[in-house]
Amino acid sequence: MDVFTLATNRRSNREFAKREISADKIQELKDHFASCPRLVPDINVEMLILGEDAAEKLNACVGYHRFLIKAFHYIVLLSDVDEHYIENAGYIGEELVLKLTEMGIESCWETIADEPLLKKRLNLAGDKAVAAVIACGYEEAGLFARLGIKSPAEIFLKKKAGAPVPKKTIPQMFYDDEWGKAETISALDPDEDLYKACAAVCHAPSFLNLQPCRLIHDGDKIVLVDVLDEMTNATDAKLNAGIIMMHFEGVVSRQSSGFKGWKLEALDKDYKLPEGAYIVGFYQL
């Protein structure tokens, strides 16, 4: 799977056709889930793929402040509750999103507003948490639907022709050595894997497209920093972080050798972070 190309070309879809995904493609997605990389491999995660009647069950307990994006299918990730299980679900879910993209199938991350009610409606027993929900299917022909956001409580769809969501650039997303210091990654050859990984991060989807995370290039480390905001709750912030980590690692680890992966721990170093910002972890180059 070419993570860089898929990540930089994919867009979230919010207007789905009433069209079923074929059994062959569903099986292909299941096969990918069984073998795809995990951020925390020791956490047990299961995948459900819901069908045509799912939207009725998900309504009022899934969606942007209960604003459900309706689709023919939904992917539900069930996870053992352990440290970093939400970040792990974000990482795995984005693997599935990019696989869907490769298969010509559209997708959109949903947020979970009422997990107990969701488990009840889906008749889910056991201790596993519903860690992620992703709408998927085929795009409805016509105008492209984007979210309109007036306030956390007032969210709606607006349709425009050819209107991809703008994303932050590398100079907006990355710093060198400390918060706010101009980055040097843009000076790399665009064909270098590190540059491509950073570009893929800039295209990572996030809750309400706010892109609250930043990364600091500190020598042999890429430090992931999350910035708290009033719109994003703790669960969605962790999903955001998992998605970003997948985009970055999905490029460098599959194109190069010698990279050591993400460590989900803080660093004893002053990066001059602003109030409300904290270190999620770092990638050892």
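The values are calculated or read from the model by the stated rules, or taken from the named source; none is laboratory data. Keep in mind it's a predicted model, so treat the numbers as computed, not measured. Reconstructed Cβ throughout: ideal geometry from the backbone, glycine too, with neighbour counts over all protein chains shown.
Here Asp236, Asp218 are screened, and the one residue that is surrounded by 18 or more Cβ atoms within 10 Å (Cβ to Cβ) and of a type in the set (D, E, K, R) is Asp236.
Every residue in the stretch 62-87 that is outside any strand (DSSP E or B) and farther than 24 Å from Ile21 by Cα, please. His65, Arg66, Asp80, Val81, Asp82, Glu83, His84, Tyr85, Ile86, Glu87 - these are the residues of the stretch 62-87 that are outside any strand (DSSP E or B) and farther than 24 Å from Ile21 by Cα. A Cβ distance below 6 Å, combined with a sequence gap of six or more or placement on separate chains, defines the contacts here; from the stretch 262-285, residues that are in contact (Cβ under 8 Å) with a residue 60 or more places away in the chain and charged (D, E, K, R) reach no residue that is assigned to a strand (DSSP E or B) and surrounded by 14 or more Cβ atoms within 10 Å (Cβ to Cβ).
Counting only helices (runs of 4 or more DSSP H) that sit wholly inside the stretch 170-285, those with at least 2 residues that are among the polar types (S, T, N, Q) are 234-255.
Considering Val62, Val81, the condition of being of a type in the set (A, V, I, L, M, F, W, C) and farther than 22 Å from Gly137 by Cβ is satisfied by Val81 alone. The residues in the stretch 24-43 that are surrounded by 12 or more Cβ atoms within 10 Å (Cβ to Cβ) and outside any helix (DSSP H, G or I) can be counted, and the count is 6.
For the stretch 51-66, the set of residues classified as over 18 Å from the mean Cα position of the chain (by Cα) and either free of Cβ contacts under 8 Å to residues at least 60 places away in the same chain or crowded, with 20+ Cβ neighbours inside 10 Å (or both) consists of Gly51, Glu52, Asp53, Ala54, Ala55, Glu56, Leu58, Asn59, Ala60, Cys61, Arg66, listed by residue number.
Checked against (1) among the aliphatic types (A, V, I, L, M); (2) in contact with a helix residue (DSSP H, G or I) (Cβ under 6 Å, 6 or more places away or on another chain); (3) modelled with pLDDT of 95 or more, Ala135 passes all but a single condition, namely (2).
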